[in-house]
Amino acid sequence: MFNKKGFTLIETLIYVAIVALVSTGLMKFSMSMTSVRNKTYVVQEVHSNMRDAMTLITKKIQEANAINVGSSTFDTDPGVLSLAMSDVGKNPTIISLDQDNGRLEITEGTSDSVYITTHEVKVSNLQFTDVSIGSVTKNIQFSLTINYNSGDNASKDFTFTQSENNLASIRN
C-alpha cells in the first residue's frame, strides 16, 4: 500500500490557489472600505462647511440694518457683501473670500477677519444679488459653491463639490 504522509503536487497547488483567492478578496474588500471611508469624510466635510456658511450668512443678513450697496460687489464671482449693523463694533460686517477660490471670511467692524470655512475646502463661487423691492423689503440672494481641497491628491475619493442658493431678508 501507499504511504499517505505528505501532499501531492496537485493538493499543494489547490491549497495555494485557495489561499491566494481568499487573500486577494480580503485586500480588495479592505481597499474598498478605505475608499468608502475617504469619500464619506470628504462629503461630510463639504456638507458641514456649506451648512455653517449658509447659516452664518443668512443670520448676518437678518441682523443687518441695511446693505452698503457702494461697498458690496453684486452679480460677480467673487462677490463681496457689506452690511450696516446697529452694533458699532460690528459695523460694517463684510462677507468675502480671502482670495479667489479661497476661504470664506467675515470681518466685523475693525476686528480681524474670521474664517467661516475650514482649510480643507475652498469656495469656488460666491455671488450676492440684491433682489430688494424698492425701499420696503431688502433681500439678498446668495449662491455658494464649495469644493473639497484635495491638493495634489486628485483621486475620485477626494473630490466633491456642492452648490447652494439661498435668500435672506433684512429684518430690522
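Relative contact order of the chain: 21 percent, from C-alpha pairs under 8 Å at least 6 residues apart in sequence. Among TYR148, TYR15, sorting on how many other beta-carbon atoms sit within 10 Å of each Cβ, with the fewest leading, yields TYR15, TYR148. For the range 83-172, the dipole from Cβ point charges (+1 on Lys and Arg, -1 on Asp and Glu) about the Cα centre works out to 320 debye, to the nearest 20.
Eigenvalues of the alpha-carbon gyration tensor of the range 10-169, scaled by 5 and square-rooted, set the equivalent ellipsoid semi-axes at 49, 14, 12 angstrom, largest first.
Each Lys and Arg Cβ is given +1 and each Asp and Glu Cβ -1; about its Cα centre, the range 10-169 then shows a dipole of about 380 debye.
Selection among LEU81, GLY25, SER111 by position relative to the dipole of the chain gives GLY25 as farthest towards the positive end (Cβ unit charges, Cα centre).
Which angle between 0 and 90 degrees, to the nearest 10, do you get for helix 9-63 versus the longest principal axis of the chain when only C-alpha atoms count? Result, in degrees: 10.
Cβ crowding within 10 Å ranks GLU63, GLU164, GLU11 as GLU11, GLU164, GLU63, fewest other Cβ atoms first.
Rounded to two decimals, the Cα radius of gyration of the range 1-44 over 2.2 N^0.38 Å is 2.11.
When the Cα positions of ASN65, GLY151, ILE14 are compared along the charge dipole of the chain, ILE14 comes out farthest toward the positive end, with charges on each C-beta of Lys, Arg, Asp and Glu. Under a no-solvent Debye model with one identical scatterer per Cα of the range 7-93, what's log10 I(q)/I(0) at q = 0.24 Å⁻¹? Summing over Cα pairs of the range 7-93 leads to -1.12. Put in order of Cβ neighbour count within 10 Å, fewest first, the listed residues HIS47, HIS119 become HIS119, HIS47.
Global dimensions of the range 77-126 from alpha-carbon coordinates: Rg and Dmax equal 11.2, 34 Å.
Values quoted throughout were computed directly from the atomic coordinates according to the rules given, and no laboratory measurement underlies them. This one's a predicted model, so the numbers in the text were calculated from it and none came from an experiment. Note: ideal-geometry Cβ built from the backbone for every residue, glycine included; neighbour counts use all protein chains shown.
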